[in-house]
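Have a look at the structure below, then the notes.
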């Protein structure tokens, strides 16, 4: 007979954050985001002749990404690509307390998110909203679940050179799919 589920122990069950400690993710700035599908399943389409061909799920992921500024007017989008099992994109927060390309500092009060207490206007809120919208639409239209891997990868873009390099990387991603670490 199975025992009771283990009681939540924050020391044992704590998920380590990949966020930069003390950084305010709601301040103005540019961020490179990568969001991966659950178990890296290739549900968003295929690379054919070095170009991404979106599946129905991929079209939903792409449309939801493009709609982010409609829901968050202080956000602009840079380059993005929906790949077979992940999405890369540049998110630029134009509102907030800093300036675009501000290097990480702790001079502003950090907006560390806590479970159940999202920080309005922050990068984690945009990503969570995007993932939820894609999941909801795919679930409603195709009765599918388990779209995303937990969490996401982000990188703070610190200057124009870095922005150009990341922009080029995103646009060239389908061409380099054969060598991509996300390509199983």
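Just so you know, all these numbers are worked out from the coordinates, no wet-lab data involved. Predicted model, so just to flag it, every value in this text is computed and none were measured.
If I stretch the segment between residue 94 and residue 145 completely, what's the gain in nm (0.36 nm per residue apart, minus their alpha carbon distance), one decimal?
Contour length minus Cα-Cα distance gives 15.0 nm.
Tell me, in nm to one decimal, what length is gained between residue 136 and residue 38 on full extension, where the rule is 0.36 nm per residue of separation less the Cα-Cα distance?
In short, 33.8 nm is gained.
Please give the contour-minus-distance gain from residue 49 to residue 67: 0.36 nm per residue of separation, less the Cα-Cα distance, rounded to one decimal in nm. Mind dumping the intermediate values first?
Details: separation 18, 0.36 × 18 = 6.48 nm, distance 2.79 nm.
Residue separation times 0.36 nm, minus the Cα-Cα distance, leaves 3.7 nm.
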